[in-house]
Amino acid sequence: MRLSDHRHAFFCRHETAHLTVYSSSILLLTMSSLLILKTRICLKYISPLFNPSTAGFTPLNNVISKLSVSSRLLCTKGGSRHAGNNRKEDRQREFNIRERLPFPKSVFAAGTAKRTAEYQKKRAEEEPDFPRKNKRVEPPDHPLTASEWKSLKLTSPNPDRFDVRMISSMLADGTDINVAKSLLAYVAMDTGTLSYELLLRYLTLCVGSGHHSEVFDMYDIMRSRFRTLDTGASSLFIKGFSRTERWKEALTILENIKRAITPSPRNYGDTIAGAVLHGDGDTAWALYAELMEKGLIPNQETWQALFQCGLSHQGHEDGLQAILLHMRDNQIYPEETLAKDIKAWFDSLPEQKWIGSWSTVDPRGVCRSCQAELESIQLSREEYTQLKDRVMGDVIQGRDVFNKTTPEELESFKNFVKRKPAFDVVIDGLNVANIGIKGNQSQTVDSNEVVETSSRMINGNRMHLSSFSSVIAKGLNTYVNKLLEVVSELERQGLVILVLGRKHMQRPSRSWDRHDMSLVQQKAHCFFTDNISEDDPFLLYATLHSGNHCNFVSRDLMRDHKACLPDGATRRLFFKWQRGHQLVLSSYTPGKRVRFQRILSYDTIVQTNGGSWHIPYDENGAERCTYEVPQKWLCLTNAK
């Protein structure tokens, strides 16, 4: 054979191999978005091996080293299936899940969302960062003359509204007040006037930095120049005056605001703080009563001022305890600074021997400081009935119910639930099936198998297209495996299980193996909704219909459905029920026992029995989402 023929055959073989890999990626487009992502990662490093246009072929060990980073995310092992056929007759029993203390913290524990966000941020930092155009003007570090300000303005990339943009930057940086004064002097000389917007920003800087004499000057200037002041300027003057000996003038400004609108909680809070600071406790409490009568929500600084007032002014014990009960009724958690003032007030009470300590609560719901048992997370019969009626009416059968399902499907599901025994646990099948493995989003391919396959293709032993595709796609056939292992674990405990899914899960595919789906249906009752239906309302209906003992498995935090409830009290009741009944998979490792995050047995809320108070609080610097609860407690016991 001629040399040209050898070259032609050589390039044909590798061109065919390249096309085979490329065709594999095209075929996998129909499988899943995540699989496509992982396939692209693999092909990124494999394709140069088969491309004759490259200057030289890449050695295999270099490819393996490049693959190592991504392939560690692709490793997996086959899952094992668990079976069990014992069922308990008592539907009111406690789950074994609650008794296993080493399980991870609840998804509702304060800080969980922050840790997740930090993990995602760390991963995002690995992505390329595109530079953004910075339009911010940098303020000088010392006062400038008029000519210097003019020169700085002319050299600015955007001279329009230079003065406003400059003082906004000063506000952000906390620039010295004298620098801002020199800017105002330049603007007054250059334009002959000072705009309301510029004065308002300068006033904000004065109030924020505590320059009281400048605040007084600005009050005189703005009152003389402008016939009326907006609520922004009035609020700033209330805040500024309340900190000075002229604090009573803040009360006059507050009355002026009342003529136009309802003052904000911040306006009341600043005047209350001013009254407490200057020893007028009666005025402070009168303003607080007015605030509460208007239905406003006090801020924590207001409560802190009142507890500090209680240290020096006796006679308001009932009012301060009413604040704690308000926190309880509205599921409000004091910040650590407020909690310290609460503790100090209890310590100061005459003829009472309160002992305060900082504590935590063990998984059984027992305070580690005083050994008292806290209130249960479980709803009373009356609370459960109230919540069930509201959820049925406002979430499941609300105005937009038929945007979530159809009348026929909803009626069919109700009849299905009536025919079945009361469930012990309801599983969101699709949600569980999509839970990642050890932080990954799906089960993926073993890197050794990818490299071995690549090596065989390099050596000229071409695999059939379907063979190579099956190697990469093999990891995708795990959605139903996850669901099967969760169902098997719960069946092992003898629970009556309902799995909610979508109709596409019944169609055999790489993702939904016919045999494994058959096992799921043998171990649990199953109901499959239309693919366009929303399954959360079905999950809530089945769980609430089955009774107060029934739990549900899902990672969905149900915030949209909680928002559909008509009032705050019902939403708080729903959150309490959710924290006591939602099982969340902490992680999934094929072949290992399924692990759930711990369901706390106690309610995280301000609580008292007369002889003690237990107050959950937010630690300083801690970030907590609205669906999370604090982990630290203030324990107060009366030793009298």
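With 31 Å as the limit, write out which pairs from 418/592; 153/258; 181/294; 420/576; 248/340; 239/353 have Cα-Cα distances beyond it, or answer none. Could the numbers behind the result be given before it?
Details: 418/592 35 Å; 153/258 42 Å; 181/294 40 Å; 420/576 27 Å; 248/340 29 Å; 239/353 37 Å.
Long pairs (Cα-Cα over 31 Å): 418/592; 153/258; 181/294; 239/353.
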How much space per residue, in cubic angstrom, does the convex hull of the C-alpha atoms of region 323-390 take up? 138
With viscosity set to 1.002 mPa s at 20 °C, what whole-number translational diffusion coefficient in µm²/s follows for region 205-358 from Stokes-Einstein and a Kirkwood radius over Cα pairs? 129
Suppose all protein chains stay in the model; what accessible area per residue would a 1.4 Å probe give for region 559-640, in Å²? 38
Normalise the Debye intensity by I(0) for region 139-234, one equal point scatterer per Cα, no solvent, then take log10 at q = 0.10, 0.13, 0.20 Å⁻¹ and round to two decimals. -0.25, -0.43, -1.01
Explain nothing, just compute: Karplus ³J(HN,Hα) = 6.51 cos²θ - 1.76 cosθ + 1.60, θ = phi - 60°, for every residue of region 619-630 in order, whole Hz, x for Gly and Pro. 5, 4, x, 7, 9, 9, 6, 5, 8, 9, 10, x
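Would you mind estimating how fast region 227-276 diffuses translationally, via Stokes-Einstein at 4 °C and 1.567 mPa s with the Kirkwood radius over Cα pairs, in µm²/s? List each step's numbers first, then the result.
Working: Rh = 10.5 Å.
For the chosen part, D equals 124 µm²/s.
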For a quick check: with amide H placed at 1.01 Å from N, whose amide H comes under 5 Å from residue 596's, ignoring anything fewer than 5 positions away on the same chain? 586
Just the number, please: carbon plus sulfur as a percent of the accessible area of region 283-404, 1.4 Å probe, no ligands or DNA/RNA counted. 46
How much net charge surrounds residue 248 when only the other residues with a Cβ under 12 Å from the Cβ of residue 248 are counted, with Lys and Arg +1 and Asp and Glu -1? -3
Accessible area per residue, 1.4 Å probe, Å², for region 225-369: what's the number? 48
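The values are calculated or read from the model by the stated rules, or taken from the named source; none is laboratory data. This is a predicted model, so every value here is computed, not measured. Heads up, the Cβs are rebuilt from the backbone with ideal geometry, glycines too, and the neighbour counts pull from every protein chain shown. All accessible areas refer to the heavy atoms of the entire protein, side chains included, with ligands and DNA or RNA removed. Shrake-Rupley method; radii C 1.70, N 1.55, O 1.52, S 1.80 Å.
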